[in-house]
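Structure, as structure tokens:
The values are calculated or read from the model by the stated rules, or taken from the named source; none is laboratory data. The structure presented is a predicted model; accordingly, all values stated were derived computationally and were not measured. No Cβ is skipped: glycine too gets one built from the backbone with ideal geometry, and neighbour counts run over all protein chains shown.
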Amino acid sequence: MEFPDDLRYSSDHEWLRRDAEVFVLGVTDYAQDALGDVVYVGLPEVGRHAQAGEPIAEVESTKSVSDVYAPVSGEIIEVNEALRDAPELINRDPYGQGWIVKIRPDGDDAGADLMDAASYRDLIAKS
């Protein structure tokens, strides 16, 4: 499994990548593998304010339905519309084309409490 070093990770198996003033959010390679074949993604409304720790999206697979949690608080400024027609992008490219939302964080220190790749690897090794 792949866990890029330039990302931050939550204990709920989401990743964040800072892109200027915005965070791009998706689910990790570990999460997509555990889910199995993704068949549907429920996306939030653009403009919605997300609170850290609350569910903001839903990923349905052939095995289960899982919530995607906001690792940071902020405004959802974009959703990945391609997932509506091709939810399997999460399986094929979880860190690229399979991103889920973009969030403009409330503060400059948003995401500071998230794990680096080494810490995330340690977390899933204990699972």
Residue pairs meeting the criteria (Cβ under 8 Å; at least 6 apart or on separate chains; first more than 15 Å from Ile76 (Cα to Cα) and modelled with pLDDT of 95 or more, in region 10-22; second of a type in the set (D, E, K, R) and surrounded by 21 or more Cβ atoms within 10 Å (Cβ to Cβ)): Trp15/Arg8
Number of the condition not met by Ser10 [criteria: (1) under 19 Å from Tyr120 (Cα atoms); (2) surrounded by fewer than 13 Cβ atoms within 10 Å (Cβ to Cβ); (3) touching a Pro at 6+ places or on another chain (Cβ under 7 Å)]: (2)
Looking at region 13-38 only, could you name the residues that are surrounded by fewer than 21 Cβ atoms within 10 Å (Cβ to Cβ) and among the aromatic types (Phe, Trp, Tyr)? Tyr30
Just need a number here: residues in region 84-95 that are more than 18 Å from Lys63 (Cα to Cα), over 13 Å from the mean Cα position of the chain (by Cα) and in contact (Cβ under 8 Å) with a residue 24 or more places away in the chain. 1
Taking region 84-106 and keeping residues surrounded by fewer than 23 Cβ atoms within 10 Å (Cβ to Cβ) and farther than 17 Å from Arg18 by Cα leaves Arg84, Asp85, Ala86, Pro87, Glu88, Leu89, Asn91, Arg92, Asp93
For the list (1) surrounded by fewer than 20 Cβ atoms within 10 Å (Cβ to Cβ); (2) in contact (Cβ under 8 Å) with a residue 24 or more places away in the chain, I need the number of the one condition that Ala50 fails. (1)
Would you mind finding the one in Glu75, Glu60, Glu45 that is over 15 Å from Gly26 (Cβ atoms), in contact with a His (Cβ under 9 Å, 6 or more places away or on another chain) and in contact (Cβ under 8 Å) with a residue 12 or more places away in the chain? Glu75
Within region 110-127, tally of residues that are out of contact with any strand residue (DSSP E or B) (no Cβ under 8 Å at 6 or more places or on another chain) and assigned to a helix (DSSP H, G or I): 5
Scan of region 76-109 for residues that are in a helix (DSSP H, G or I) and touching an Asp or Glu at 6+ places or on another chain (Cβ under 9 Å), ordered by number: Asn91
Over region 42-75, the set of residues charged (D, E, K, R) and part of a loop (DSSP other than H, G, I, E, B) is Glu45, Arg48, Glu54, Lys63
